[in-house]
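Report on the structure given below.
The values are calculated or read from the model by the stated rules, or taken from the named source; none is laboratory data. Just so it is clear, the model here is predicted, and its values are computed rather than measured. Positions of Cβ are backbone-derived with ideal geometry, glycine not excepted, and every protein chain shown enters the neighbour counts. These accessible areas exclude ligands, DNA and RNA; they are computed on the full protein's heavy atoms, side chains included. Shrake-Rupley method; radii C 1.70, N 1.55, O 1.52, S 1.80 Å.
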Amino acid sequence: MTKADVKSYAKHGDLIALVAGKEEIALSEGGESVWLEVIKKMDEVYADLIGYEADLERKNGELEAARNFIQSVIASVSDVLIVCDERGAILQVNPAFEALAGHSEAELKGAGVAALFVAEDEARAAAIVAGQARDPTSVELRFRTSNGPSDLMAINCSPLFDSDGRRAGAVFTGRPIGELRRAYEALHRAHVDLQQAQSRLVEQEKMASLGRLVAGVAHELNNPISFVYGNIHTLDRYRKAIAAYLEAIHAGASAKEREKLRRASGIDSILADLEPLIDGTLEGAVRISEIVKNLRRLSFSTKAPREAVSLSKVVETAAQWASRSKKAKARIVTDLEPELYASGQSGQIHSVLVNLIDNALDAVREAERPIVSITTRGENDCAIVIVEDNGKGVPEALRSRIFEPFFTTKAVGEGTGLGLWISYSIAHEHGGSIEYDTSPEGGARFTLRLPRATEAETRDLRN
C-alpha cells in the first residue's frame, strides 16, 4: 500500500476500518514505513498527553497545598479579616472575625460590610469601600457583636485588585487597640512616676551634698559676720560720742569745755579709727557676698546661659568647701594653670568638682599620709581638671559601674550612688567627659574634660 492509497482511505473514511482490521491490509514496503511513522507519532502524542496529565496533577496538588496553607494561615491569624467585593458584599471572613461577630462565614457571606460596624462608624466604613483610593487606609472603628459594640480596633483597609489590575473590592484587617492603649497609658504613667522619682532622688542628692557643705559654709560665714557685728557695735559707740561732742558745740560750749569733752570722749582716736573700721566692715561684707555667690553656684538649673568659668577659682572654692564639710585631715595640693577658662555653667561645674573632691577625701581617710591633688591644664580646645588621691582606688571588677546611678562603694547611709552619675551627666551636657583610671600612687584619678571658653567669652568675663 502506497501513501496515495492511505490518503485515499482516509479521504473516504475507511482508514479506521482499515486499522480496526475490518479490511485486509496488504502492505507494500513503502506502505509499511508509512504506518510505522503514524504509529510512532501516535506514541509521541500519547506520551505527551501522559506528561501533561502528570504535570497537571502535580500543579493541581501544589495549588491545593497552597490553598490549604493560605486557609490555615488565615485561620491562625488573630487579627480579624474581611474580604468584600466592589459593592461591599462580604466574600470571606476568617475565624477570628467569626468569633468576634458571633456568626459563621456562611451567615455573613453576601451581607454588606458596612453593616458590620456600629452605627456611628457605618458611614465611614461605607465611604472607605466606595472610595477609589489605591493605597491602604488606616482608621479606628468598632464592630457590632452579639455582646454589643466591640473594643476600639485599628482597621486597615487595602484595595483588592483582579488579575487585570482593576479594583475588585477591599480587604479589612484589624486588631483591638483598647487593651494596647490602656497598656500604653499605664506604661506612660509608670514612666512619668519613674521620672518624678528620679527627679526627687536627684534633689535629695543635691540636698545631701548641700548638707555636707553646711558646716564649712557656716564656719566661713561666721568669721566675717562676727567681724562686721563687732565693728557695727564699735561704730555705734563712736557715733554716740561724736553726737554728744557735736551737741555741745551747737549748744555754745566754750573752747575750754569743748577741749575737755574732746579729750574725755576720745574724739581724735575715734576719727583715726573710723577708716580702718569702715574698711574692715566693707571687707567682711564683701566676703559674705562672695560666700553667698558661691552658694548660688550649687544651682542645677539647665536654663542658665553658658559663660566663661575660671577653673582656678572654682577649684579653690570647691576644695575649701569640701574640706570644711568633711573636717578632713588630708593635705590638698593644687597645681592650677592661671587664666584657664571653661565654657559652661559655673554652678554645675562647681558641683561636679565638689563631688570629685569629696569622694577623694573619703577615699584617703585610712591612708597614713592622706593627699588629694588637683591639677588643671589646657589642651587644645579642652580645659582639663584632674583630681587624684593616694587611697585604695576602685577594684578592677567595679570600675565599669562607677558612673551607674545608685552604684556606690560607700557604707549604707554614707552615699546614695548618684553623685558620680550626676557629675557624669553634667559633663556630657557640657560637651565634655569624665574618665577614671589609676593614679601612679595607686589611688583613684578622675579626669574632667570641659570645652574651653572662647576668646569672646573670656573677653566678656575680663570686662
Pairs where the first residue, in the stretch 160-179, is without any contact (Cβ under 8 Å) to a residue 60 or more places away in the chain and over 19 Å from residue 101 (Cβ atoms) and the second is open to solvent by less than 30 Å² (accessible area, probe 1.4 Å) and in a strand (DSSP E or B), C-beta under 9 Å, 6+ apart: 161/168; 161/169; 162/168; 162/169
In the stretch 331-350, the residues that are among the aliphatic types (A, V, I, L, M), out of contact with any Lys or Arg (no Cβ under 8 Å at 6 or more places or on another chain) and in a loop (DSSP other than H, G, I, E, B): 336
Where residue 356 falls short, out of the listed (1) in a loop (DSSP other than H, G, I, E, B); (2) modelled with pLDDT of 85 or more; (3) under 23 Å from residue 438 (Cβ atoms): (1)
Flag for residue 366 being modelled with pLDDT of 80 or more and closer than 24 Å to residue 457 by Cβ: no
Some residue of the stretch 84-102 being open to solvent by 90 Å² or more (accessible area, probe 1.4 Å) and closer than 26 Å to residue 168 by Cα: yes
Test result for residue 424, free of Cβ contacts under 8 Å to residues at least 60 places away in the same chain, touching a helix residue (DSSP H, G or I) at 6+ places or on another chain (Cβ under 8 Å), over 14 Å from residue 309 (Cβ atoms) and surrounded by 14 or more Cβ atoms within 10 Å (Cβ to Cβ): no
Out of 405, 440, sole residue that is over 13 Å from residue 342 (Cβ atoms), surrounded by 15 or more Cβ atoms within 10 Å (Cβ to Cβ) and at pLDDT below 90: 405
Residue that is at pLDDT 85 or above and basic (Lys, Arg), where the choices are 181, 144, 166: 144
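Can you go through 120, 62 and tell me which one is modelled with pLDDT of 70 or more, open to solvent by 80 Å² or more (accessible area, probe 1.4 Å), within 51 Å of the chain's Cα centre (by Cα) and farther than 25 Å from residue 173 by Cβ?
Matching residue, one of 120, 62: 62.
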Matching residues in the stretch 153-175 - criterion: being surrounded by fewer than 18 Cβ atoms within 10 Å (Cβ to Cβ) and farther than 19 Å from residue 89 by Cβ: 154, 156, 163, 164, 165, 175
The stretch 221-247 residues that are over 15 Å from residue 267 (Cβ atoms), paired with ones that are at pLDDT below 80 and open to solvent by 40 Å² or more (accessible area, probe 1.4 Å) (beta carbon under 7 Å, 6 or more apart): 221/288; 224/287; 224/288; 225/288
Qualifying residue in the stretch 424-437 (condition: modelled with pLDDT under 80 and charged (D, E, K, R)): no
